[in-house]
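Participant: Sharing a structure below in structure tokens format, with a few things to ask.
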Amino acid sequence: MSDINTAKSNLEQAGFLDIEVDPSIDLFAEIEKLKREKNAIILAHYYQEPDIQDVADYIGDSLGLAQQAEKTDADIIVFAGVHFMAETAKILNPGKKVLLPDLKAGCSLSDSAPPPLFKLFKEKYPGHKVISYINCSAGIKALSDIICTSSNAQKIVESLPVDQPIIFAPDKNLGAYINKKTGRNMVLWNGACMVHEIFSLEKIIKLKQRHPKAKFIAHPECEEAVLARADFIGSTTGLLNYTKSDSGTEFIVATETGILHQMQKNSPDKTFIPAPPNNSCACNDCPHMKLNTLEKLYLCLKYELPEITMDEEIRLAAKKPIDLMLKISAQYGL
Ligand code: 13P
Ligand code: SF4
């Protein structure tokens, strides 16, 4: 069997092409060349490793990435992020090839809501509309009325009448935060992100004492007690923009550490301190996001594998609530 055929046959189990990459290859130059030859675009989330961010055509939060995926005229989308993000790009672009460097790059939050269980949960609340955070599978999206992200969740919730009962899934922390902001009483699915749940409030308080001038900024997937201490709460793009425009020069950042690359690049004279988790590590990496590497991205672009595929019926059902989210976001200029 040829190298590529052996690698393909192992793909299903490994989740990525396990071909050895010649260490003398200039991966940055090769990736640029392949992008041009194949009319491919690389969309990357802020939680990707710095090298991947540096070769990306667009880096953004989940809303920005979905908006870019919707408008691209590239033939191939390489999604440097996790499965639900690449799946969203495929839902919006059935005619394009959507690739994910490592198919096993999943998400604990998305996994916390299996569609069959969620369907039963939904049946317990007749008359409720379902708003789902984009960090969920196509199966959950297909059971939802509107999708939201951390940057538009409040506006999406407020787009429904105040007396409309709502189920919010799968992130209970974001749901509780939006309940507080809007005064609604949405029913929350009991899911959470493994990265944002393990920030240690105790260590953050100590860190604040050591850096009294530092602003503490946090992602709304963090627990309520952590959010209560934050000077600013926002999506990854929101946090990045805050560090660019705020007059502060020191920031303690409670989200995945990948975002620090762009913060430091945009504000080289400011200091960014990752908020510590409740374990022996000093910072907090998402093990799913970090499965993607520059080597896997190169192989994926070269061999056009692994590819995201999906059942057409689920795709069509999942597209409706995403389209609605994009429409509402555009109305608000988001
Ligand atoms: P945003 O980048 O949309 O804020 O989402 C954060 C996240 O956890 C993505 O997995
Ligand atoms: Fe999922 Fe959390 Fe990782 Fe984002 S950071 S991909 S929500 S596990």
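Participant: Scattering from the C-alpha atoms of the chain alone, worked out with Debye: what is log10 I(q)/I(0) at q = 0.11 1/Å?
Facilitator: For the chain, the Cα-only Debye profile gives -0.72.
Participant: Counting DSSP beta bridges in the chain, what percent are antiparallel, to the nearest 5?
Facilitator: Numbers: 2 of 33 bridges.
Counting only bridges with both partners in the chain, antiparallel ones make up about 5 percent.
Participant: For region 291-318 and region 197-265, what is the centre-to-centre distance using only Cα atoms, to the nearest Å?
Facilitator: 32 Å
Participant: Please work out the FRET efficiency for the pair residue 228 and residue 323, using the Cβ-Cβ distance as r and a Förster radius of 22 Å; give the result to the nearest 0.05.
Facilitator: The computed FRET efficiency comes out at 0.05.
Participant: In square angstrom, rounded to the nearest 10, how much accessible surface does residue 122 have for a 1.4 Å probe?
Facilitator: Approximately 70 Å² of residue 122 is accessible to the 1.4 Å probe.
Participant: Among 39, 326, 178, whose Cα lies farthest out toward the positive end of the dipole of the chain, if unit charges sit on the beta carbon of Lys, Arg (+1) and Asp, Glu (-1)?
Facilitator: Toward the positive end, the furthest listed residue is 178.
Participant: Give me the number: length gained by fully extending residue 241 to residue 26, i.e. 0.36 nm times residue separation minus the C-alpha to C-alpha distance, one decimal in nm. Don't jump to the answer; show the numbers that get you there.
Facilitator: On the way: separation 215, 0.36 × 215 = 77.40 nm, distance 3.22 nm.
That pair, residue 241 and residue 26, stretches by 74.2 nm at full extension.
Participant: Further, regarding this structure: Could you tell me what a quarter of the Cα convex hull surface of region 289-329 works out to, in nm² with one decimal place?
Facilitator: Numbers: hull surface 18.3 nm².
Mean projected area for region 289-329: 4.6 nm², to one decimal.
Participant: What value, in deg cm²/dmol to 500, does the helix sum -39500 (n - 2.57) over DSSP H runs of n ≥ 4 give at 222 nm once divided by the residues of the chain?
Facilitator: Values: 16 runs with 147 residues, N = 334.
Rounded to the nearest 500, it is -12500 deg cm²/dmol.
Participant: Here's another thing I want to ask about it. In whole percent, what relative contact order does region 178-305 give with Cα contacts below 8 Å and a gap of six or more residues?
Facilitator: Numbers: 164 pairs, mean separation 28.8, N = 128.
Relative contact order, region 178-305: 23 percent.
Participant: So, one more: Give me the percent relative contact order of the chain, please, defined on Cα pairs under 8 angstrom at least 6 residues apart.
Facilitator: Working: 645 pairs, mean separation 73.0, N = 334.
RCO, the chain: 22 percent.
Participant: Per residue, how much accessible surface does the chain expose to a 1.4 Å probe? Answer in Å², no decimals. Let's see the in-between values first.
Facilitator: Numbers: 14670 Å² over 334 residues.
Per-residue value: 44 Å².
Participant: Build a GNM of the chain with springs between Cα atoms under 10 Å: which of 14, 317, 192 gets the top mean-square fluctuation?
Facilitator: 14
Participant: OK, next. If I model a spin label at residue 37 and residue 9 as a point 7 Å from the Cα along the Cα→Cβ vector, what separation in nanometres do I get?
Facilitator: With each label placed 7 Å out from Cα toward Cβ, I get 2.6 nm.
Participant: Note the full-extension length gain between residue 206 and residue 249 as 0.36 nm times their separation in residues minus their Cα-Cα distance, in nm to one decimal.
Facilitator: Values: separation 43, 0.36 × 43 = 15.48 nm, distance 1.88 nm.
That pair, residue 206 and residue 249, stretches by 13.6 nm at full extension.
Participant: Show me the three semi-axes of the equivalent ellipsoid for region 206-334, from the C-alpha gyration tensor (sqrt of 5 times each eigenvalue), largest first, rounded to whole Å. Working shown, then result.
Facilitator: Working: eigenvalues 209, 89, 48 Å².
The three semi-axes for region 206-334 are 32, 21, 15 Å.
Participant: Related question: What residue among 298, 47, 125 has the largest mean-square fluctuation in a Gaussian network model of the chain, using Cα springs under 10 Å?
Facilitator: 125
Participant: Using a 1.4 Å probe on the protein chains only, how many percent of the accessible area of the chain belongs to carbon and sulfur?
Facilitator: Values: 7430 of 14670 Å².
Roughly 51 percent, rounded to a whole number.
Participant: Determine, from the Cβ-Cβ distance of residue 313 and residue 213 and an R0 of 56 Å, the FRET efficiency 1/(1 + (r/R0)^6), rounded to the nearest 0.05.
Facilitator: On the way: r = 55 Å, r/R0 = 0.98.
Here the calculated transfer efficiency is 0.55.
Participant: When the convex hull of the Cα atoms of region 120-232 is projected onto a plane and the area is averaged over all directions, what value comes out in nm²? All intermediate terms of the calculation are to be shown ahead of the outcome.
Facilitator: Values: hull surface 30.1 nm².
If I average the Cα hull's projected area over directions, I get 7.5 nm².
Participant: Quick check on region 56-157: take the gyration tensor over C-alpha atoms, sort the square-rooted eigenvalues as a ≥ b ≥ c, and tell me if it's rounded (a/c under 1.5), prolate or oblate. Walk me through the numbers on the way to the answer.
Facilitator: Details: a/c = 2.11, a/b = 1.67, b/c = 1.26.
Because a/c hits 1.5 or more and a/b exceeds b/c, region 56-157 counts as prolate.
Participant: Let me ask another. Lysines near residue 38 by alpha-carbon distance under 27 Å, same-chain residues fewer than 8 away left out - which ones?
Facilitator: Correct list for residue 38: 8, 71, 90, 96, 97, 104, 290, 296, 302, 319.
Participant: Which FRET efficiency, nearest 0.05, do residue 164 and residue 304 yield, Cβ-Cβ r, R0 41 Å? Don't jump to the answer; show the numbers that get you there.
Facilitator: Working: r = 44 Å, r/R0 = 1.07.
The formula returns an efficiency of 0.40 here.
Participant: Ranked from highest to lowest mean number of other Cβ atoms within 10 Å per residue, what is the order of the peptides 84-94, 36-46, 16-26?
Facilitator: Values: 84-94: 23.5, 36-46: 19.9, 16-26: 13.2.
Taking the mean over residues of other Cβ atoms within 10 Å, the ranking is 84-94, 36-46, 16-26.
The values are calculated or read from the model by the stated rules, or taken from the named source; none is laboratory data. A quick note: this is a predicted structure, and the numbers were derived from the prediction, not measured. Virtual Cβ from ideal backbone geometry, glycine too; neighbours counted across all protein chains shown. These area figures cover heavy atoms from the full protein model, side chains too; ligands, DNA and RNA do not enter into them. Shrake-Rupley method; radii C 1.70, N 1.55, O 1.52, S 1.80 Å.
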